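A short write-up of the structure that comes next.
The values are calculated or read from the model by the stated rules, or taken from the named source; none is laboratory data. Computed from a prediction, not measured in an experiment: that's the story for all the values here. Note that we place each Cβ from the backbone using ideal geometry, even for glycine, and neighbour counts take in every protein chain shown. Heavy atoms of the whole protein, side chains included, go into the accessibility calculation; ligands, DNA and RNA do not. Shrake-Rupley method; radii C 1.70, N 1.55, O 1.52, S 1.80 Å.
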Amino acid sequence: MRRLGVLLLALAAVVPGAAEGGSRRSQLHLRLFASGLDSPVFAGAPRSEPGRLYVVEQRGVIRVFVNGQLRSTPFLDIHNMVRSGGEQGLLSVAFHPNYAKNHRFFVYFNDRSGDVRVYEFRSNGTVGLPGTAKPLLRVPHRQYDNHDGGQLQFGPDGRLYAGTGDGGSGGDPNNHAQNLGSHLGKLLRLNVNKRGAKWQIVDYGLRNPWRFSWDRVTHDLYIGDVGQDSWEEIDVRTPAQQRGLSNFGWRVWEGRSRYTRDQRPNRHGRLVFPIVTYSHDVGCSVTGGYVYRGSAVPAARGRYFYGDYCSGRIWSLRAVHGELRSKRLESLHLDGLSSFGEDSSGELYALSLEGRIYKLAS
(Lines give C-alpha, C1' and ligand atoms only; values in the text may rest on other atoms or scores of the structure.)
Protein backbone atom coordinates (compact mmCIF):
# COMPACT_ATOMS: atom_id res chain seq x y z
CA MET A 1 0.00 0.00 0.00
CA ARG A 2 1.55 3.27 -1.13
CA ARG A 3 -0.98 5.60 0.42
CA LEU A 4 -0.32 7.03 3.87
CA GLY A 5 2.03 9.94 4.31
CA VAL A 6 2.08 10.86 0.59
CA LEU A 7 1.77 14.56 -0.22
CA LEU A 8 -1.74 15.35 -1.48
CA LEU A 9 -1.75 17.93 -4.23
CA ALA A 10 -5.37 19.02 -4.60
CA LEU A 11 -8.72 19.07 -2.90
CA ALA A 12 -11.39 16.52 -3.78
CA ALA A 13 -13.36 17.39 -6.87
CA VAL A 14 -15.88 15.90 -9.25
CA VAL A 15 -14.32 15.46 -12.67
CA PRO A 16 -15.46 13.69 -15.82
CA GLY A 17 -14.29 10.17 -16.57
CA ALA A 18 -14.48 7.80 -19.51
CA ALA A 19 -16.72 4.75 -19.69
CA GLU A 20 -15.06 1.33 -19.80
CA GLY A 21 -16.15 -2.16 -20.73
CA GLY A 22 -19.12 -0.96 -22.74
CA SER A 23 -21.02 0.34 -19.68
CA ARG A 24 -22.21 3.93 -19.64
CA ARG A 25 -21.34 6.16 -16.75
CA SER A 26 -24.17 6.96 -14.38
CA GLN A 27 -24.75 10.42 -12.96
CA LEU A 28 -23.29 10.10 -9.50
CA HIS A 29 -21.43 12.55 -7.32
CA LEU A 30 -19.72 12.75 -3.95
CA ARG A 31 -21.39 15.06 -1.43
CA LEU A 32 -19.24 16.46 1.38
CA PHE A 33 -20.22 14.81 4.66
CA ALA A 34 -17.46 16.05 7.00
CA SER A 35 -14.09 17.79 7.03
CA GLY A 36 -11.35 18.65 9.52
CA LEU A 37 -10.53 15.06 10.49
CA ASP A 38 -6.98 13.85 11.13
CA SER A 39 -5.97 11.36 8.39
CA PRO A 40 -9.17 9.26 8.30
CA VAL A 41 -8.49 5.72 7.06
CA PHE A 42 -11.74 3.82 7.73
CA ALA A 43 -15.44 4.38 8.40
CA GLY A 44 -18.18 1.99 9.46
CA ALA A 45 -21.01 1.34 11.90
CA PRO A 46 -22.85 -1.50 13.63
CA ARG A 47 -26.01 -2.56 11.78
CA SER A 48 -27.94 -1.76 14.97
CA GLU A 49 -27.03 1.97 14.97
CA PRO A 50 -28.74 3.97 12.21
CA GLY A 51 -27.58 7.55 12.05
CA ARG A 52 -24.09 6.83 13.36
CA LEU A 53 -20.77 6.65 11.55
CA TYR A 54 -17.51 5.69 13.28
CA VAL A 55 -14.37 7.11 11.70
CA VAL A 56 -10.88 5.75 12.36
CA GLU A 57 -8.05 8.28 12.41
CA GLN A 58 -4.61 6.87 11.67
CA ARG A 59 -3.05 8.41 14.79
CA GLY A 60 -5.02 6.07 17.04
CA VAL A 61 -8.40 7.70 17.64
CA ILE A 62 -11.95 6.68 16.65
CA ARG A 63 -14.45 9.54 16.21
CA VAL A 64 -18.21 9.16 15.97
CA PHE A 65 -20.80 11.13 14.01
CA VAL A 66 -24.42 11.08 15.18
CA ASN A 67 -26.95 12.23 12.58
CA GLY A 68 -24.13 13.98 10.75
CA GLN A 69 -22.78 15.80 13.82
CA LEU A 70 -19.33 15.03 15.21
CA ARG A 71 -19.27 14.25 18.89
CA SER A 72 -16.60 16.17 20.77
CA THR A 73 -15.58 13.13 22.83
CA PRO A 74 -13.77 10.39 20.88
CA PHE A 75 -15.29 6.93 20.92
CA LEU A 76 -11.82 5.48 21.59
CA ASP A 77 -8.36 6.98 22.02
CA ILE A 78 -5.43 4.51 22.05
CA HIS A 79 -2.81 6.76 20.45
CA ASN A 80 -0.37 5.81 23.21
CA MET A 81 -0.48 2.18 21.96
CA VAL A 82 -0.10 2.99 18.25
CA ARG A 83 2.84 3.63 15.94
CA SER A 84 1.44 6.05 13.38
CA GLY A 85 3.01 7.26 10.14
CA GLY A 86 3.63 6.05 6.62
CA GLU A 87 1.50 2.94 6.21
CA GLN A 88 1.22 2.24 9.93
CA GLY A 89 -1.30 3.31 12.54
CA LEU A 90 -4.79 2.46 13.73
CA LEU A 91 -6.24 1.10 10.50
CA SER A 92 -9.79 -0.21 11.06
CA VAL A 93 -12.52 -1.16 13.50
CA ALA A 94 -15.11 -3.96 13.37
CA PHE A 95 -18.20 -4.25 15.56
CA HIS A 96 -19.46 -7.60 16.77
CA PRO A 97 -22.68 -8.67 14.97
CA ASN A 98 -24.37 -8.63 18.39
CA TYR A 99 -22.81 -5.31 19.42
CA ALA A 100 -26.16 -3.86 20.53
CA LYS A 101 -26.19 -6.37 23.40
CA ASN A 102 -22.55 -7.30 24.13
CA HIS A 103 -20.81 -3.98 23.19
CA ARG A 104 -17.77 -5.86 21.82
CA PHE A 105 -15.65 -4.27 19.10
CA PHE A 106 -12.25 -4.98 17.56
CA VAL A 107 -9.41 -2.86 16.19
CA TYR A 108 -6.43 -3.47 13.88
CA PHE A 109 -3.28 -1.42 14.44
CA ASN A 110 0.51 -1.32 14.55
CA ASP A 111 1.86 -1.26 18.08
CA ARG A 112 4.83 0.84 19.19
CA SER A 113 7.25 -1.79 17.88
CA GLY A 114 5.54 -1.90 14.47
CA ASP A 115 3.98 -5.34 14.95
CA VAL A 116 0.46 -5.92 13.60
CA ARG A 117 -2.05 -6.25 16.44
CA VAL A 118 -5.73 -7.07 16.76
CA TYR A 119 -7.37 -6.15 20.09
CA GLU A 120 -10.84 -6.58 21.47
CA PHE A 121 -12.49 -3.80 23.50
CA ARG A 122 -15.90 -3.24 25.04
CA SER A 123 -17.92 -0.05 25.23
CA ASN A 124 -20.56 1.22 27.60
CA GLY A 125 -22.80 1.83 24.59
CA THR A 126 -21.51 5.37 24.13
CA VAL A 127 -17.71 5.28 24.34
CA GLY A 128 -15.10 2.55 24.21
CA LEU A 129 -13.48 1.50 27.47
CA PRO A 130 -9.65 1.36 27.13
CA GLY A 131 -9.39 -0.69 30.31
CA THR A 132 -11.17 -3.62 28.62
CA ALA A 133 -8.36 -4.11 26.06
CA LYS A 134 -7.73 -7.77 25.22
CA PRO A 135 -5.01 -8.81 22.73
CA LEU A 136 -6.11 -11.36 20.13
CA LEU A 137 -3.37 -11.33 17.48
CA ARG A 138 0.26 -10.33 17.17
CA VAL A 139 2.08 -10.69 13.85
CA PRO A 140 5.78 -9.66 13.93
CA HIS A 141 6.34 -6.79 11.49
CA ARG A 142 9.56 -5.05 12.48
CA GLN A 143 11.87 -5.66 9.52
CA TYR A 144 10.02 -3.28 7.20
CA ASP A 145 7.35 -0.66 7.88
CA ASN A 146 5.17 -1.12 4.77
CA HIS A 147 2.57 -3.64 3.60
CA ASP A 148 0.77 -3.80 6.93
CA GLY A 149 -2.66 -4.83 5.64
CA GLY A 150 -5.23 -3.17 7.84
CA GLN A 151 -8.76 -4.50 7.40
CA LEU A 152 -11.02 -6.15 9.97
CA GLN A 153 -14.49 -7.37 8.94
CA PHE A 154 -17.03 -9.80 10.30
CA GLY A 155 -18.00 -12.27 7.61
CA PRO A 156 -21.46 -13.69 6.89
CA ASP A 157 -20.46 -16.67 9.08
CA GLY A 158 -20.09 -14.41 12.14
CA ARG A 159 -16.31 -14.91 12.26
CA LEU A 160 -13.80 -12.07 12.49
CA TYR A 161 -11.51 -11.72 9.45
CA ALA A 162 -8.20 -9.85 9.24
CA GLY A 163 -6.19 -9.10 6.10
CA THR A 164 -2.41 -8.91 6.55
CA GLY A 165 0.24 -7.64 4.15
CA ASP A 166 3.30 -9.60 3.08
CA GLY A 167 5.64 -7.94 5.57
CA GLY A 168 7.02 -5.19 3.40
CA SER A 169 9.97 -4.06 1.33
CA GLY A 170 9.36 -4.88 -2.36
CA GLY A 171 8.79 -8.23 -4.03
CA ASP A 172 8.13 -10.08 -0.75
CA PRO A 173 11.83 -10.92 -0.17
CA ASN A 174 11.00 -13.42 2.59
CA ASN A 175 8.29 -15.17 0.53
CA HIS A 176 5.76 -14.73 3.35
CA ALA A 177 2.69 -14.66 1.11
CA GLN A 178 3.26 -18.17 -0.33
CA ASN A 179 4.38 -19.61 3.02
CA LEU A 180 1.53 -21.22 4.95
CA GLY A 181 3.72 -21.15 8.05
CA SER A 182 3.51 -17.35 8.15
CA HIS A 183 0.57 -15.11 9.04
CA LEU A 184 1.79 -12.43 6.60
CA GLY A 185 0.14 -12.04 3.20
CA LYS A 186 -2.98 -13.85 4.42
CA LEU A 187 -6.69 -13.58 5.08
CA LEU A 188 -7.11 -14.85 8.65
CA ARG A 189 -10.26 -15.88 10.53
CA LEU A 190 -11.14 -16.18 14.22
CA ASN A 191 -14.26 -17.40 16.03
CA VAL A 192 -14.44 -14.69 18.68
CA ASN A 193 -17.35 -16.47 20.38
CA LYS A 194 -15.35 -19.59 21.17
CA ARG A 195 -13.01 -19.59 24.13
CA GLY A 196 -9.49 -20.59 23.14
CA ALA A 197 -10.17 -20.41 19.39
CA LYS A 198 -7.13 -20.04 17.14
CA TRP A 199 -6.64 -17.91 14.04
CA GLN A 200 -7.02 -19.87 10.81
CA ILE A 201 -5.58 -19.14 7.38
CA VAL A 202 -8.50 -18.79 4.98
CA ASP A 203 -6.65 -17.46 1.90
CA TYR A 204 -3.05 -16.66 1.05
CA GLY A 205 -0.84 -15.27 -1.71
CA LEU A 206 -1.85 -11.67 -0.95
CA ARG A 207 0.53 -8.73 -1.22
CA ASN A 208 -1.35 -6.06 0.70
CA PRO A 209 -5.13 -6.55 1.00
CA TRP A 210 -5.71 -3.04 2.33
CA ARG A 211 -9.49 -3.34 2.04
CA PHE A 212 -11.89 -6.28 1.62
CA SER A 213 -15.63 -6.69 2.14
CA TRP A 214 -18.66 -8.92 1.59
CA ASP A 215 -21.72 -8.10 -0.48
CA ARG A 216 -24.60 -7.86 2.00
CA VAL A 217 -26.96 -9.71 -0.35
CA THR A 218 -24.93 -12.34 -2.24
CA HIS A 219 -22.17 -12.77 0.41
CA ASP A 220 -19.54 -12.60 -2.36
CA LEU A 221 -16.11 -11.63 -1.01
CA TYR A 222 -14.26 -8.74 -2.70
CA ILE A 223 -10.58 -8.05 -2.05
CA GLY A 224 -8.60 -5.03 -3.25
CA ASP A 225 -4.97 -6.21 -3.26
CA VAL A 226 -2.33 -3.52 -3.78
CA GLY A 227 0.17 -4.34 -6.53
CA GLN A 228 3.93 -4.06 -6.88
CA ASP A 229 5.35 -2.38 -10.00
CA SER A 230 2.75 -2.81 -12.70
CA TRP A 231 -0.73 -4.07 -11.74
CA GLU A 232 -3.49 -3.45 -9.20
CA GLU A 233 -6.19 -6.07 -8.70
CA ILE A 234 -9.68 -6.86 -7.44
CA ASP A 235 -10.44 -10.46 -6.48
CA VAL A 236 -13.92 -11.95 -6.03
CA ARG A 237 -14.94 -15.24 -4.40
CA THR A 238 -18.49 -16.56 -4.22
CA PRO A 239 -19.75 -18.28 -1.04
CA ALA A 240 -19.15 -21.69 -2.65
CA GLN A 241 -15.61 -20.71 -3.59
CA GLN A 242 -14.94 -19.40 -0.10
CA ARG A 243 -15.36 -22.90 1.34
CA GLY A 244 -11.93 -23.89 0.05
CA LEU A 245 -8.43 -22.48 0.49
CA SER A 246 -7.52 -19.91 -2.18
CA ASN A 247 -4.05 -18.82 -3.31
CA PHE A 248 -4.15 -15.38 -4.94
CA GLY A 249 -0.72 -15.91 -6.42
CA TRP A 250 1.60 -13.25 -5.05
CA ARG A 251 4.74 -13.21 -5.27
CA VAL A 252 4.66 -15.55 -8.25
CA TRP A 253 1.93 -13.53 -9.97
CA GLU A 254 1.15 -9.81 -9.94
CA GLY A 255 -2.37 -9.48 -11.26
CA ARG A 256 -2.45 -11.76 -14.31
CA SER A 257 1.24 -11.24 -15.09
CA ARG A 258 4.13 -13.39 -13.96
CA TYR A 259 6.26 -11.59 -11.36
CA THR A 260 8.77 -14.24 -10.21
CA ARG A 261 9.62 -16.52 -13.12
CA ASP A 262 11.82 -18.98 -11.25
CA GLN A 263 9.21 -19.82 -8.56
CA ARG A 264 6.10 -21.97 -8.68
CA PRO A 265 3.07 -21.08 -6.56
CA ASN A 266 2.29 -23.14 -3.49
CA ARG A 267 0.02 -25.99 -4.60
CA HIS A 268 -2.20 -26.04 -1.50
CA GLY A 269 -5.69 -24.83 -2.37
CA ARG A 270 -6.79 -23.27 -5.63
CA LEU A 271 -4.81 -20.68 -7.58
CA VAL A 272 -7.10 -17.69 -8.19
CA PHE A 273 -6.69 -14.84 -10.67
CA PRO A 274 -8.33 -11.43 -10.31
CA ILE A 275 -11.66 -10.43 -11.81
CA VAL A 276 -10.26 -6.97 -12.66
CA THR A 277 -6.78 -5.50 -13.01
CA TYR A 278 -5.55 -2.07 -14.01
CA SER A 279 -2.06 -0.90 -14.86
CA HIS A 280 0.10 1.74 -13.26
CA ASP A 281 -0.59 3.94 -16.26
CA VAL A 282 -3.87 4.90 -14.52
CA GLY A 283 -3.04 4.45 -10.82
CA CYS A 284 -0.64 2.85 -8.38
CA SER A 285 -2.48 1.74 -5.21
CA VAL A 286 -5.95 0.18 -5.24
CA THR A 287 -8.47 1.09 -2.55
CA GLY A 288 -11.04 -1.70 -2.26
CA GLY A 289 -14.60 -0.77 -1.40
CA TYR A 290 -18.12 -2.19 -1.12
CA VAL A 291 -21.06 -3.39 -3.16
CA TYR A 292 -23.58 -0.59 -2.80
CA ARG A 293 -26.79 -1.85 -1.17
CA GLY A 294 -28.23 1.43 0.07
CA SER A 295 -31.46 3.02 -1.12
CA ALA A 296 -30.47 6.65 -1.73
CA VAL A 297 -28.73 6.02 -5.08
CA PRO A 298 -30.74 3.44 -7.09
CA ALA A 299 -28.42 3.71 -10.12
CA ALA A 300 -25.52 2.39 -8.01
CA ARG A 301 -27.32 -0.54 -6.38
CA GLY A 302 -25.56 -3.88 -6.79
CA ARG A 303 -22.32 -2.38 -8.10
CA TYR A 304 -18.96 -2.78 -6.34
CA PHE A 305 -17.10 0.54 -5.97
CA TYR A 306 -13.31 0.75 -5.75
CA GLY A 307 -10.69 3.36 -6.54
CA ASP A 308 -7.04 4.33 -6.62
CA TYR A 309 -5.23 6.27 -3.92
CA CYS A 310 -2.66 7.80 -6.27
CA SER A 311 -4.82 8.88 -9.20
CA GLY A 312 -8.09 9.47 -7.35
CA ARG A 313 -10.06 7.56 -9.98
CA ILE A 314 -13.13 5.60 -8.90
CA TRP A 315 -14.58 2.64 -10.79
CA SER A 316 -17.52 0.34 -10.29
CA LEU A 317 -18.19 -3.19 -11.50
CA ARG A 318 -21.01 -5.69 -11.45
CA ALA A 319 -20.30 -9.39 -10.91
CA VAL A 320 -22.75 -12.30 -11.14
CA HIS A 321 -21.73 -15.65 -9.65
CA GLY A 322 -18.15 -14.39 -9.49
CA GLU A 323 -18.03 -13.46 -13.19
CA LEU A 324 -17.55 -9.89 -14.44
CA ARG A 325 -20.63 -8.49 -16.18
CA SER A 326 -19.68 -4.83 -16.50
CA LYS A 327 -17.07 -2.31 -15.40
CA ARG A 328 -16.99 1.45 -15.72
CA LEU A 329 -14.92 4.45 -14.74
CA GLU A 330 -17.25 6.66 -12.74
CA SER A 331 -17.49 10.45 -13.06
CA LEU A 332 -16.02 10.72 -9.58
CA HIS A 333 -12.59 11.73 -8.34
CA LEU A 334 -11.09 11.93 -4.87
CA ASP A 335 -7.47 12.80 -4.16
CA GLY A 336 -5.93 10.79 -1.34
CA LEU A 337 -8.65 8.10 -1.47
CA SER A 338 -7.71 6.20 1.68
CA SER A 339 -10.83 4.08 2.10
CA PHE A 340 -14.49 3.53 1.44
CA GLY A 341 -16.99 3.02 4.25
CA GLU A 342 -20.56 1.83 4.89
CA ASP A 343 -23.12 2.96 7.41
CA SER A 344 -25.76 0.71 8.97
CA SER A 345 -28.13 1.04 6.01
CA GLY A 346 -25.50 0.37 3.35
CA GLU A 347 -24.95 3.94 2.19
CA LEU A 348 -21.45 4.44 0.78
CA TYR A 349 -18.78 6.90 1.89
CA ALA A 350 -15.37 7.79 0.45
CA LEU A 351 -12.55 9.05 2.68
CA SER A 352 -9.68 11.34 1.78
CA LEU A 353 -6.49 11.29 3.81
CA GLU A 354 -6.67 15.09 3.70
CA GLY A 355 -9.40 14.92 6.36
CA ARG A 356 -12.61 14.87 4.35
CA ILE A 357 -15.42 12.35 4.07
CA TYR A 358 -17.85 12.26 1.15
CA LYS A 359 -21.14 10.41 0.73
CA LEU A 360 -22.27 8.87 -2.57
CA ALA A 361 -25.30 10.70 -3.97
CA SER A 362 -27.34 10.84 -7.15
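Points worth noting:
- Separation between Cα centres of segment 29-79 and segment 202-234, rounded to whole Å: 24
- Taking amide H as placed 1.01 Å from N in the peptide plane, the amide H of L271 sits under 5 Å from that of N247, each at least 5 places away or on another chain.
- Rounded to the nearest 10 square angstrom, T287 shows an accessible area of 0 square angstrom against a 1.4 Å probe.
- With an a/c value of 1.5 or above and a/b not larger than b/c for the gyration tensor axes a ≥ b ≥ c computed over the alpha-carbon atoms, segment 267-333 is described as oblate.
- Carbon plus sulfur fraction of accessible area for segment 89-248, probe 1.4 Å, in percent: 45
- Gyration tensor (alpha-carbon) shape descriptor, segment 215-278, a/c threshold 1.5: oblate
- Electrostatic bookkeeping for L70 treats Lys and Arg as +1 and Asp and Glu as -1; over the other residues with beta carbon under 14 Å from its beta carbon, the sum is +2.
- Per residue, the accessible area of the chain comes to 39 Å², computed with a 1.4 Å probe over protein heavy atoms only.
- Neighbourhood net charge (12 Å Cβ-Cβ; Lys/Arg +1, Asp/Glu -1) for F106: +4
- Built amide H within the under 5 Å cut-off of D335, gap 5+: A12, A13
- In Hz, Karplus ³J(HN,Hα) per residue of segment 126-139 (6.51, -1.76, 1.60; θ = phi - 60°; x = Gly, Pro): 10, 10, x, 10, x, x, 8, 3, 9, x, 10, 8, 9, 10
- Of the Cα atoms belonging to segment 90-205, the radius of gyration and Dmax stand at 14.4, 45 Å.
- J(HN,Hα) series, segment 302-316, from Karplus relation 6.51 cos²θ - 1.76 cosθ + 1.60, nearest Hz, glycine and proline x: x, 9, 8, 9, 8, x, 10, 5, 6, 8, x, 5, 10, 10, 9
- Rh (Kirkwood; distinct C-alpha pairs) - the chain, Å: 20.1
- Residues considered: V61, V297, V118. Largest GNM mean-square fluctuation over the chain, using C-alpha springs under 10 Å, is found at V297.
- About the centre of its Cα atoms, segment 75-204 shows a dipole size close to 680 debye [charges on the beta carbon of Lys, Arg (+1) and Asp, Glu (-1) only; nearest 20 debye].
- Once backbone amide H atoms are built at 1.01 Å from N, S169 has D145, N146 as its partners under 5 Å, excluding neighbours fewer than 5 places away on the same chain.
- Phi angles across segment 37-42 convert, under the Karplus curve 6.51 cos²θ - 1.76 cosθ + 1.60 with θ = phi - 60°, into 3J(HN,Hα) values of 7, 9, 6, x, 10, 6 Hz, Gly and Pro given as x.
- Annotation for segment 348-362 versus segment 240-288: alpha-carbon center distance of 29 Å.
- Cα-based shape type of segment 42-160, given that a ≥ b ≥ c are square roots of the gyration tensor eigenvalues and the cut on a/c is 1.5: prolate
- Subset of K101/K198; K134/K186; K186/K327; K101/K359; K134/K359 violating a 31 Å alpha-carbon distance limit: K134/K359
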